[in-house]
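Chemist: Supplied in structure tokens, the structure appears directly below.
The values are calculated or read from the model by the stated rules, or taken from the named source; none is laboratory data. Predicted model only: the values in this text are computed from it and were never measured. Positions of Cβ are generated from backbone atoms using ideal geometry, with glycine treated the same way; all protein chains shown enter the neighbour counts. Just so you know, the surface numbers come from the protein's heavy atoms only, side chains and all, with ligands and any DNA or RNA stripped out. Shrake-Rupley method; radii C 1.70, N 1.55, O 1.52, S 1.80 Å.
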Amino acid sequence: MAEVELRNVGQFFRRSGGALVEAVADVSLVIRSHEFVCLIGPSGCGKTTLLQLVAGLTPASQGQISVDGAAIAGPSPERGLVFQRDSVFPWMRTIDNVSYGLKCRGVEKTKRIEIARQYLRQVGLGDVERSWPRELSGGMLKRVAVATVFANSPRVLLMDEPFAALDYVTKLQLHQLLLTLWEQHRPTVLFVTHDVDEAMLLADRIVVMKEGRVVDDRKITLARRRTVESLALPEAVAHKEVLLRHLGLGELVQDRTAPL
Amino acid sequence: MARTSLSVARLPVDPLGIIGLLALVALWWGLSQFHFLSRLALPPPAGVAAAITQNFFSSSYLANYHLGYGGLAGNLAYTISNVVVALAVSCVVGVALGFASARVELFRAFADPIMLTAGTIPILVTAPFFLIWFGTSRSAQIALLILFDVTIVYLFAQRAAANLDPTYVAAGRTLGAGPMRIVSDVYLKGALPEVFGGIRIALAGAWGLEAFSELLGAPKGVGRVIQAMAAEMDSQMVFAAIMTLAAVAVAFDVAIGGAFDFITRWRRRARL
Ligand SMILES: Nc1ncnc2c1ncn2[C@@H]1O[C@H](COP(=O)(O)OP(=O)(O)O)[C@@H](O)[C@H]1O
Ligand SMILES: [Mg+2]
């Protein structure tokens, strides 16, 4: 169980020039337990900022964030975060990276290595546990990052455009891997992306942000494991058209009169 | 994907360096052999080698000058221990202050001027003051070295911590690392390559500085040997002292360079 609730959350930043930026403005949102929510929106709309607020890395300027009714206070291993940039520690071997969260929580060495090994195998990296991160490709590093958060068994999983920098095939492989892990462990997921197709493939629900505000929130009821065929169903196409128009890509949509 | 991490065995000393060293000795031998310079200005290699072997572990000759019965080795031990103690203290102090200044703006505003001033103090000119404050004991030389070492280590540690990608710190925090672990597992490990660079630079400069500060007044040490032998016009022993100190400095650099390379073997080597 892990229901995430944001109530009137806002975040201000002061730019170097002195101007005040409202990166997140009055966001209220309830993410139900086990739900897979994709947060989509144009670059600079406040997605990363919102995710870091939920992670507890920065305290919110306004509003409250709670998990199962308890207000969050700082970061916690219960809320795992996969970063957009590489976050695998270059100075630790793969296995030590994956088991690091368990080490922080005082799990005994043989036990934590055993758990880490199991997750490394599951992400397909069983044979590089003694490698240094510099010896791994970008896709492999993302797999390590995914194994690292799952090894911590978080109840909430936050992901910030985790696969944005990967090639097409690797990205699609990692989508399937993520869905498998999610089906097994059922964390509540908040997945930030700017990729409409990625959101349609993964989400139970897609929340659209624009200039710091939530401007749309739609349930995607397409049956799971979605396929090329199911993503071409009229229901899927209708969602996609609306999302593209939110991103200012209306010229890609034939029927311009359909309501947002 | 079956990649194994293979650490290539690396020679601790570059063979080219050894060739260069041999060439230098050959040149030295040639110059002294054909009397381009007087024996006093340039003693022959064989004579210097003999002076080293005869006076290395014990030397009543050096004892005559109140330099102890331990020979060159005893004086080297004094010099080395001062350099090592000062460097160890400076590493702890310099890294702690450097990290703190990188993280806490207020502390940096306070510490930077002090450290930068310390770095610009003409150490050789101020050295006599250390003699006044600490007398001719070991403390005078160690304090002078700490002033020199700590500035360098501080600046390298500060730069390393400031340059560390904040994503690593955020990742550590979300994985459950507390402040102590963030410092030891993230800042310290991530900053180590640059801090090591600073330590090596500090150490390289410390030998000459230690020998110099011994000249101003120390119970013994290689600097004192050089001073006493120069006064006696015994250039063979002066050379012997300089050569052994140089050998120690090179050996230290090779040893800690190797150790540092091993500890930071996770670093990215240039790769296209
Ligand atoms: N630390 C910061 N200081 C100043 N402005 C920031 C900071 N972080 C984010 N911003 C601003 O907040 C807005 C939202 O940024 P971000 O959350 O990174 O957007 P997104 O992830 O959707 O691309 C942007 O205008 C950005 O310039
Ligand atoms: Mg972002």
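Chemist: With angles folded into 0 to 90 degrees, how steeply does helix A:234-246 sit against the dominant principal axis of chain A? Use alpha carbons for both and round to 10.
Modeler: Helix A:234-246 sits roughly 80 degrees off the main axis of chain A.
Chemist: How much accessible surface does residue A:47 have with a 1.4 Å probe, in Å² rounded to 10?
Modeler: Per-residue accessible area (residue A:47): approximately 10 Å².
Chemist: For helix A:109-122, what angle does its Cα long axis make with the longest principal axis of chain A, in degrees from 0 to 90 and rounded to 10?
Modeler: 50 degrees
Chemist: Using Cα-Cα distances under 8 Å and only pairs 6 or more residues apart, what relative contact order does region B:52-271 have, in percent?
Modeler: Computed over region B:52-271, the figure is 25 percent.
Chemist: Going by the alpha-carbon gyration tensor, a ≥ b ≥ c the square roots of its eigenvalues, is region A:63-210 rounded (a/c under 1.5) or, if a/c is not under 1.5, prolate (a/b greater than b/c) versus oblate? Provide the component values of the computation, followed by the final result.
Modeler: Details: a/c = 1.84, a/b = 1.18, b/c = 1.55.
Oblate, because a/c is 1.5 or more while a/b does not exceed b/c.
Chemist: Output the relative contact order of region B:45-101, whole-number percent, from Cα pairs under 8 angstrom with separation of 6+ residues. Please report the intermediate quantities before stating the final value.
Modeler: Values: 34 pairs, mean separation 12.0, N = 57.
That works out to 21 percent.
Chemist: Let me cross-check residue A:111: its accessible surface, 1.4 Å probe, with only protein heavy atoms counted, in Å² to the nearest 10?
Modeler: Approximately 100 Å² for this residue.
Chemist: Right, next: State which entries of A:210/B:189; A:47/A:111; A:47/A:240 exceed 30 angstrom in Cα-Cα distance in the structure shown.
Modeler: On the way: A:210/B:189 39 Å; A:47/A:111 36 Å; A:47/A:240 19 Å.
Violating the 30 Å limit, Cα to Cα: A:210/B:189; A:47/A:111.
Chemist: Just the number, please: carbon plus sulfur as a percent of the accessible area of region B:52-271, 1.4 Å probe, no ligands or DNA/RNA counted. Don't jump to the answer; show the numbers that get you there.
Modeler: Details: 7270 of 10260 Å².
Of the solvent-accessible surface of region B:52-271, carbon and sulfur hold 71 percent.
Chemist: To test your reading of the geometry: what angle, between 0 and 90 degrees and rounded to tens, separates the Cα axis of helix A:138-151 from the longest principal axis of chain A?
Modeler: 80 degrees
Chemist: Given contacts defined as C-alpha pairs under 8 Å and at least six residues apart, what's the relative contact order of region B:149-211, whole-number percent? Spell out each step's value before the answer.
Modeler: Details: 38 pairs, mean separation 34.7, N = 63.
Relative contact order for region B:149-211 comes out at 55 percent.
Chemist: Could you calculate the FRET efficiency of residue B:253 with residue A:118 from 1/(1 + (r/R0)^6), where r is the beta carbon distance between them and R0 is 60 Å, rounded to 0.05?
Modeler: Efficiency computed from Cβ-Cβ geometry: 0.85.
Chemist: Here's something else I'd like to know. On average, how much accessible surface per residue is there in chain B, in Å², for a 1.4 Å probe, leaving out ligands, DNA and RNA?
Modeler: Solvent-accessible surface per residue comes out at 53 Å².
Chemist: Using only Cα atoms, locate the centre of region A:122-171 and the centre of region B:118-151, then give the distance between them in Å, rounded to an integer.
Modeler: 52 Å
Chemist: Something else: Take each uninterrupted DSSP H stretch in chain B, measure its Cα extent along the helix axis, and return the ones at 20 Å or beyond whose mean Kyte-Doolittle hydropathy is at least -1.0.
Modeler: On the way: long enough: B:15-33 (27 Å, 1.62); B:71-103 (48 Å, 1.50); B:105-120 (22 Å, 0.63); B:138-163 (37 Å, 1.07); B:189-215 (40 Å, 0.70); B:235-263 (41 Å, 1.75).
Counting only whole DSSP H runs, the qualifying helices are B:15-33, B:71-103, B:105-120, B:138-163, B:189-215, B:235-263.
Chemist: To make sure I understand the rule: partners must be lysines, Cα under 18 Å from the Cα of residue A:171, and not fewer than 8 residues away in the same chain. Which ones qualify?
Modeler: Straight-distance partners of residue A:171: A:142.
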